[in-house]
Amino acid sequence: MTRYREHSHELRLKRAEYHVRSLEDKVAGWLHTRPYSITVEIEDDIGEKVVKLKGLEHPPDELGLIAGDCLHNLRSALDNLAFELAVAYTGEALSKSIAGDSGFPIFRDNNPQSAKKLKRMIRGVHPSAQEIIEGLQPYHSGMAYWSKPLWILRELSNSDKHRLPYLTLLLPTGGLFSVGDLVPDGECYGKRAILVFGPIEGSAEIARYPVAANFETKVDVDLTHALGVGFRDGSPAPNLMAVNEILRLILNHMNEMVVSPLRPFLRRIQVDPLDSIQ
């Protein structure tokens, strides 16, 4: 039975998947320790209760290391892919110049300088594959380039090279909590949307709701299911998404939108039979 060796970019992507799963498990374990407090205060002047969330500790540094390892494998997978595409088209004996310049380009501007550098990085790749790679560039989205998964990866990867990713407690928008039991007239207060947007560095109001007349409402403050760990405010990543969600978004985009259309231009590498090893 013929066996084929996995490409380097495939191994990198599998490793990235491993790190995402590991991060999810570690985050769940940390949140289970309740590294936050929740208080409910009454504002008598307007007749509302205010729910506040306060982070009691920063996420463990280990989480930042895992996120950094994942980013490294994701970015390296792209460069490995570009090199393997060049080898498939140009051959194992591709020039030192092509090998040295090989890399997966990610540009936000389509100016002459960027266009020249893009062509140089992938000049050893099949022309049709070059067109696909060019079509994946963030600059095709105009001013929205910053929201594209490849650009987010580029910025996070560059940042990670200089410092450990700084993570913080995050409460994704759209989470819900239940308020109270049944009010005297039999109507339920139901659910109210959490109001906070983005990461919580210290303390933040997350919701408010009206106080029932002559009725002591209670709020379900077990928000573990709605909490996550996010990149700090000001990072190049979307601050309404948890770190693991961002990394998985990038990973899925690479598998579906980058690797899949470029796979036909790769060369399968057969593994030598074990009995041929001396």
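When you go through Ser159, Ser102, Ser147 one by one, which is the residue that is surrounded by 18 or more Cβ atoms within 10 Å (Cβ to Cβ), among the small types (Gly, Ala, Ser) and within 30 Å of Tyr36 (Cβ to Cβ)? Don't jump to the end; show me each part of the working.
On the way: Ser102 fails: within 30 Å of Tyr36 (Cβ to Cβ); Ser147 fails: surrounded by 18 or more Cβ atoms within 10 Å (Cβ to Cβ).
When all the criteria are applied, what remains is Ser159.
Could you say whether any residue in the range 54-75 is in contact with a Gly (Cβ under 8 Å, 6 or more places away or on another chain), polar (S, T, N, Q) and under 23 Å from Phe265 (Cα atoms)? Quick ask: steps written out before the conclusion?
Restricting attention to the range 54-75, the residues satisfying the condition of being in contact with a Gly (Cβ under 8 Å, 6 or more places away or on another chain) are 54-55.
Of the ones still in play, those that are also polar (S, T, N, Q) are none.
Scanning the range 54-75, I find no residue that is in contact with a Gly (Cβ under 8 Å, 6 or more places away or on another chain), polar (S, T, N, Q) and under 23 Å from Phe265 (Cα atoms), so the answer is no.
For Arg3, state whether it is under 19 Å from the mean Cα position of the chain (by Cα) and either more than 25 Å from Glu205 (Cα to Cα) or loosely packed, with under 13 Cβ neighbours inside 10 Å (or both). Lay out the reasoning, then the answer.
Details: under 19 Å from the mean Cα position of the chain (by Cα): no; either more than 25 Å from Glu205 (Cα to Cα) or loosely packed, with under 13 Cβ neighbours inside 10 Å (or both): yes.
Criteria not met by Arg3.
Looking at (1) under 26 Å from Met241 (Cα atoms); (2) touching a helix residue (DSSP H, G or I) at 6+ places or on another chain (Cβ under 7 Å), find the lone condition where Gly103 falls short.
All conditions are met except number (1).
Which members of the range 152-165 meet the condition of being under 17 Å from Val243 (Cβ atoms) and out of contact with any strand residue (DSSP E or B) (no Cβ under 7 Å at 6 or more places or on another chain)?
Restricting attention to the range 152-165, the residues satisfying the condition of being under 17 Å from Val243 (Cβ atoms) are 152-160, 163-165.
Across the range 152-165, the qualifying residues are Ile152, Leu153, Arg154, Glu155, Leu156, Ser157, Asn158, Ser159, Asp160, Arg163, Leu164.
Sort out which residues of the range 73-101 are over 28 Å from Glu155 (Cα atoms) and among the hydrophobic types (A, V, I, L, M, F, W, C), and write them in order of number.
Selection gives Ala88, Ala93, Leu94.
Name the single residue, out of those in the range 50-70 being over 14 Å from Gly228 (Cα atoms), outside any strand (DSSP E or B) and not aliphatic (A, V, I, L, M), that is nearest to the chain's Cα centre (by Cα).
Filtering first and then ranking leaves Cys70.
Only one residue in Ser97, Ser114, Ser141 is of a type outside the set (Phe, Trp, Tyr), modelled with pLDDT under 95 and either surrounded by 11 or more Cβ atoms within 10 Å (Cβ to Cβ) or in contact with a Cys (Cβ under 8 Å, 6 or more places away or on another chain) (or both), so which one is that? Can you show your working first?
Values: Ser114 fails: modelled with pLDDT under 95; Ser141 fails: modelled with pLDDT under 95.
Result: Ser97 is the single residue among Ser97, Ser114, Ser141 that is of a type outside the set (Phe, Trp, Tyr), modelled with pLDDT under 95 and either surrounded by 11 or more Cβ atoms within 10 Å (Cβ to Cβ) or in contact with a Cys (Cβ under 8 Å, 6 or more places away or on another chain) (or both).
Out of everything in the range 162-175 that is of a type in the set (A, V, I, L, M) and surrounded by 15 or more Cβ atoms within 10 Å (Cβ to Cβ), what residue ends up being modelled with the highest pLDDT? Talk me through it step by step, then tell me what you get.
Quick first cut of the range 162-175, residues of a type in the set (A, V, I, L, M) only: 164, 167, 169-171.
Now restrict to residues that are surrounded by 15 or more Cβ atoms within 10 Å (Cβ to Cβ): 167, 169-171.
Working: Leu167: 91, Leu169: 88, Leu170: 85, Leu171: 76.
Residue satisfying both the conditions and the ranking: Leu167.
Give the residues of the range 52-63 that are out of contact with any helix residue (DSSP H, G or I) (no Cβ under 9 Å at 6 or more places or on another chain) and crowded, with 16+ Cβ neighbours inside 10 Å, sorted by residue number.
Lys52, Leu53, Gly55, His58, listed by residue number.
The values are calculated or read from the model by the stated rules, or taken from the named source; none is laboratory data. Keep in mind it's a predicted model, so treat the numbers as computed, not measured. With ideal geometry, Cβ positions are generated from the backbone for all residues, glycine too; neighbour counts draw on all protein chains shown.
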